[in-house]
């Protein structure tokens, strides 16, 4: 290979690219958590908080069909556990469940477009709620599930779905900047 | 076999991770202490960023209120607008300081009532999810805070410390579904447990249907859980229902301390605990340089104290627990004697953990 070929050859996806992608996900996850714990509370008064970490998990389920994607969803959930509630593992369980469902759906259906991502985030919010309630019911006593919870969940799902194109766009942009592969 | 594993590696690894999370859940649900190997690290790393983001978002909100809403006024009025903004900034800052001063004075009064030392902390962030209720404080291990310590506000019980890192800690609020506080109905001395719900709200649990509990009853800490001092306000019963079947009645409780509005709280330390002072005091973080106008808020100089060596804590604590009205408290320093105007605020920030 001469110098010209070496200069213009596309970067082969390897450990470097995967590390860059991981760094993008970690930084985006931390930033999302920062927004969820501070800014969104200021904006919404804490009534409804869009779960940006969940959107990131859906992104992983749609784009990262490898062990790293599953591990990323678990770690994002674990990170969320550190800043939410008192039971460690609850969000890790919920986020991994969301990842698995999105992964299985995206293997069978063509999901490489924004509306599909929006739909998956909308459904993923309910799935996360279901996983949390199921885990809580298994480990703690859950009382008086009511229509109020469903309304909160619906509002959270709608808000998260509305923010999905923005989050997906930001992650895609970050991937391009980091020299990663935007699928 | 290897081919099967290779083809289904994502599903297999996801299954393994789901099992890991369930194992974490099981272990944490069974143990009273939080088993969280990385949580403390995450909390410590994120705490300064959360604090900075809180400051920036509050600044942006103020900017929006103070500047952007004024855009559009005629050009010839610019100098007047600038002057108006300057005055508004000053007045806003003064109002903020005045409110902060009142809050800190009430916290100081609470701290004097407590049987043990206490550390004051500032709320820097809130829960990342609507499902749970927690806060992040700017004080942690280095300030003597440990998991399980009670967190209080001037209005009453706030929650308990759930986890700590060297410079930050997380508070599990009374309104969280995983919390539970042993309480008494003040009027009838009926015992129960106050706990949060998954949906918004707090309930009084495990009270027999036949017990006398009414809307408006004050709920106070029983002290039997060994965490919260007896008699601290927890909330007020807002609705009682005996319609459902079962042994117990259903009573909704409005917490005494509104967690959404909390900015500063006290963490009560166990008796004999040593308090380490932070390098940055809350005075430097919150109050800034002493402002004569603000110090004046604390009121005129107090009259001389008739009995200088009487300890204020014991009597006022006893009165508070018995529900007696507080006598006009002499405004004294720790060593007793007369105090200058504004000394309370200075003491709150210099003394103890602040």
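Rule-based calculations on the coordinates, nothing more; no lab input. Please read these numbers as outputs of a predicted model, since none were measured by experiment. With ideal geometry, Cβ positions are generated from the backbone for all residues, glycine too; neighbour counts draw on all protein chains shown.
Using Cβ contacts closer than 10 Å as the measure, can you line up A:173, A:110, B:131 from fewest to most?
Ascending Cβ contact count within 10 Å gives the list A:110, A:173, B:131.
So how tilted is helix A:114-139 from the main axis of chain A? Cα-based, degrees 0 to 90, rounded to 10.
50 degrees
Can you compute the FRET efficiency between residue B:263 and residue B:191 using 1/(1 + (r/R0)^6), with r the Cβ-Cβ distance and R0 = 30 Å? Round to the nearest 0.05.
Once rounded, the FRET efficiency stands at 0.40.
Measuring from label point to label point, each 7 Å out along Cα→Cβ, what is the residue B:230 to residue A:18 span in nm?
Each label point is offset 7 Å from its Cα along the Cβ direction, giving 6.2 nm.
For the Cα atoms of chain A, what angle does the longest principal axis make with the long axis of helix A:15-34, in degrees from 0 to 90, nearest 10?
With rounding to tens, the tilt is 30 degrees.
May I ask you to list the residues of the range B:208-222 whose amide nitrogen lies under 13 Å from a point 7 Å from Cα along the Cα→beta-carbon direction of residue B:254?
Correct set: B:215-219.
Rounding to the nearest 10 and keeping the result within 0 to 90°, find how far the Cα-based axis of helix A:67-81 lies from the longest principal axis of chain A.
Value to nearest ten degrees: 40.
Given springs between every Cα pair under 10 Å in a Gaussian network model of chain A, which of A:70, A:23, A:160 has the largest fluctuation?
A:23
Within 10 Å of each residue's Cβ, count the other Cβ atoms and sort A:126, A:168 from fewest upward.
A:126, A:168
Nearest 0.05, what FRET efficiency do residue B:95 and residue B:200 give at R0 = 22 Å with Cβ-Cβ as r?
Result of the calculation: an efficiency of 0.15.
How do B:106, B:236 line up, fewest other C-beta atoms within 10 Å first?
B:106, B:236
For the pair residue B:41 and residue A:26, how long in nm is the line joining their label points, each one 7 Å along Cα→Cβ?
Here the answer is 0.9 nm between the modelled labels.
If each residue of separation counts as 0.36 nm, what is the full-extension length gain between residue B:106 and residue B:218 once their alpha-carbon separation is subtracted?
Difference between extended and current length: 38.3 nm.
Given bins 10 angstrom wide, list per bin the percent of all Cα-Cα distances in chain A, short to long.
9, 35, 34, 13, 5, 2, 1, 0
If you take the beta carbon distance between residue B:243 and residue A:158 as r and set R0 to 22 Å, what does 1/(1 + (r/R0)^6) give as a FRET efficiency, to the nearest 0.05?
Efficiency, rounded to the nearest 0.05: 0.10.
Please label the shape of the range B:45-204 as rounded, prolate or oblate, based on the square roots a ≥ b ≥ c of the eigenvalues of the alpha-carbon gyration tensor (a/c under 1.5 means rounded; beyond that, a/b larger than b/c means prolate, else oblate).
Prolate, because a/c is 1.5 or more and a/b exceeds b/c.
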